[in-house]
Amino acid sequence: LPIVVKAFEMEIIPANRIVAQIGETLILTCNTTGCASPSFSWRTQMDNPLGGTVDNHRTYSTLTMNPVSIVNSHDYLCTVFCGEKEKKEKSIKVELYSFPSDPIIEISPSLVAGEPVTVICTIPDVYPSDHLEVLLKKEEHVLREKNFYEDDSTNTETKTVTYSFNPTAEDIGKEITCVARLPIANMDFEPKERVTSQKLNTNFGPKNTIITASPGNSPMEGDPLKLTCVTESNPPTQIVWRKHLADESIQHLIENNVLYIPHARFTDSGLYICEVINLVTNKTEKATVDIVIQGAPNIAELSIEPSTTVQEGDNVSIQCSAESNPPPKIVLRRKSDSADTGPYSEGRILLLPSVTFLNGGDYECVAENKFGKSKSEITLNVEFPPQNITVLVYPSANVKEGENVTITCSTYSNPPSQMVLKKVHQEKEIILPSVNGTFILYNVTKNDTGRYLLDVFNEAGNNIKVIEISVVGRLEKPDQMIPLIIAFSCVTAIAVPVVAILIYVSRKAKINGSYSLVKALRLKV
């Protein structure tokens with residue numbers, strides 16, 4: 001088959017003519033076929049600077065203009081050599097324009113009804129400006145037309161059109177429109193028309209500021225609360241929320257027209273203030289709303305002063321505080337008392353002057369309103385020393401040798417009492433500690449005759465009883481060890497008798513009546 005050899009050809013992309021906007025990027029490409037190793041050169045027809053960057057490749061070359069500027073408004077010529085003899089060249093015309101953004105409208109000074117104003121329409125970075133046409137309108141009424149046909153610009157220029165007039169009250173809210181056109185024949189670009197509009201707004205306010213509360217001014221505790229501050233102002237105002245506190249200070253909340261509380265609490269009740277500020281008119285206005293959170297009582301505190309544990313004779317104050325709306329009815333009383341008996345208060349404080357053990361027990365605070373009630377309890381513990389001590393000696397305090405003697409006692413106290421029996425001896429006291437409260441003297445002798453001191457005590461105080469025991473008619477027995485167990489029973493309590501025991505073991509059956517003490521255990525009740 002015959003070998004087909006392609007002819008040497010070249011082309012410029014885009015071909016012949018290109019329209020480019022100043023500031024953008026433009027790439028011209030010179031491409032060849034039919035030549036293994038072409039060489040390229042770029043120039044302008046008037047041999048001006050290229051104003052771009054050349055990048056040669058094996059079969060094509062590019063000229064990049066980034067960004068395109070006014071110096072690129074030329075006919076560009078690409079020349080290609082294939083070997084020493086073959087040469088081809090083509091040209092492309094770069095035509096430039098600039099119409100990058102919409103007009104900008106300014107109204108100066110800030111519009112106030114009745115005072116003259118000037119409307120300024122600015123068209124930035126236009127080229128060629130000798131084709132620019134500008135139209136200023138108020139609604140559909142033409143205020144001014146201006147063209148710049150006489151311009152002789154050689155680069156981008158920013159053009160302005162102004163118009164002054166005295167606005168009337170009817171002009172407020174009407175639209176000022178600036179239309180800029182750049183109609184250039186035989187230049188294909190879009191857009192050729194740019195439009196900007198702005199309303200004639202007078203600066204006013206703030207006025208008619210109100211606060212709306214949703215679901216209302218008295219929501220239930222736990223419900224969401226939404227406060228919205230609405231005002232009339234131009235330009236829009238800055239908004240600040242504040243709340244009056246109980247101590248007359250003011251708490252700063254948020255800077256937003258909506259104040260939202262997802263779960264309202266009683267402490268959210270109070271006077272809320274919305275302050276709106278127009279920084280242009282330099283005016284401020286306030287609106288207030290009184291919010292009252294409703295709901296069943298919640299007992300915030302139940303306490304006893306000076307303490308939950310007191311001594312007989314102390315002055316006691318039981319205090320209960322509850323929060324709710326409407327305000328709760330508070331009743332303070334001892335749980336075990338009926339409505340007609342015992343200390344009682346329909347207020348926040350129950351005073352108990354010079355308390356006795358009869359005042360001890362569980363006290364209840366009941367707070368109630370139309371939405372419900374709540375209760376709370378606290379215990380008052382009144383401590384008192386042993387009282388009403390009764391001592392019984394059986395069969396009597398005068399017994400014969402060899403008999404058994406039982407000593408018992410009963411008492412009231414809080415906390416429960418402990419007891420110790422002391423045998424008064426000529427040389428020393430012999431102390432018999434209590435274990436479970438019953439004293440039994442087995443096989444008494446004359447040595448057991450004498451004075452016994454019964455010491456009944458607790459943290460609040462003590463009480464001592466004296467017992468005289470007389471033993472007569474000693475029985476004759478050989479000298480031996482006779483165990484003597486002494487136990488003492490004493491019932492101690494406030495309402496129910498409580499027992500402490502003492503065991504005294506072993507003594508010699510001799511005339512001198514010596515004692516030895518067995519380890520004693522104490523039972524706490």
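Listed values, structure above:
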{"quantity": "Solution diffusion estimate, µm²/s, Stokes-Einstein, the chain, Kirkwood Rh from C-alpha pairs, 20 °C, viscosity 1.002 mPa s", "calculated": "59"}
{"quantity": "Probe 1.4 Å, protein heavy atoms only - accessible area per residue of the chain in square angstrom", "calculated": "54"}
{"quantity": "Alpha-carbon Rg with Dmax, taken over region 296-383, Å", "calculated": "12.9, 40"}
{"quantity": "Percentage relative contact order, the chain, counting C-alpha pairs under 8 Å, at least six apart", "calculated": "7"}
{"quantity": "Global geometry of region 205-291, whether rounded, prolate or oblate, following the gyration tensor of its Cα atoms and the 1.5 cut on a/c", "calculated": "prolate"}
{"quantity": "Tail weight of P(r) past 22 Å, computed on alpha-carbon pairs of region 74-179, percent", "calculated": "51"}
{"quantity": "Neighbour cut-off at most 10 other Cβ (10 Å), DSSP loop, GluC sites (Glu not before Pro), region 53-110", "calculated": "Glu84"}
{"quantity": "Rel. contact order, % - alpha carbon contacts under 8 angstrom, at least six apart, region 9-97", "calculated": "38"}
{"quantity": "Largest-first ordering by accessible area, 1.4 Å probe, given options His252, His57", "calculated": "His252, His57"}
{"quantity": "Set Lys199/Lys243; Lys174/Lys243; Lys137/Lys286; Lys93/Lys159; Lys400/Lys422; Lys174/Lys226 screened for pairs whose C-alpha atoms are more than 30 Å apart", "calculated": "Lys199/Lys243; Lys174/Lys243; Lys137/Lys286; Lys174/Lys226"}
{"quantity": "Karplus-derived 3J(HN,Hα), 6.51/-1.76/1.60, for each residue of region 241-256, Hz, glycine and proline x", "calculated": "9, 9, 9, 6, 9, 4, 8, 6, 7, 10, 9, 7, 9, 9, 10, 6"}
{"quantity": "Order of exposure, largest accessible area first, which applies to Cys82, Cys365 with probe 1.4 Å", "calculated": "Cys82, Cys365"}
{"quantity": "Accessible area of the chain belonging to carbon and sulfur atoms, whole % at 1.4 Å probe", "calculated": "50"}
{"quantity": "Mean Cα-pair separation over length for region 296-383, i.e. relative contact order, pairs under 8 Å, 6 or more apart, %", "calculated": "38"}
{"quantity": "For region 385-394, Karplus couplings with θ = phi - 60° (6.51, -1.76, 1.60), whole Hz, Gly/Pro x", "calculated": "x, x, 9, 6, 6, 10, 10, 10, 10, 10"}
{"quantity": "From phi via Karplus (6.51, -1.76, 1.60), per-residue ³J(HN,Hα) for region 287-303 in Hz, x at Gly/Pro", "calculated": "9, 10, 8, 9, 9, 10, 7, 9, x, 5, x, 10, 6, 7, 7, 9, 9"}
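The values are calculated or read from the model by the stated rules, or taken from the named source; none is laboratory data. Please read all numbers here as calculations on a predicted model, not as lab measurements. Cβ sites come from the backbone with ideal geometry, for glycine too, and all protein chains shown count toward neighbours. In case anyone asks, the SASA skips ligands and DNA or RNA and just uses the protein heavy atoms, side chains included. Shrake-Rupley method; radii C 1.70, N 1.55, O 1.52, S 1.80 Å.
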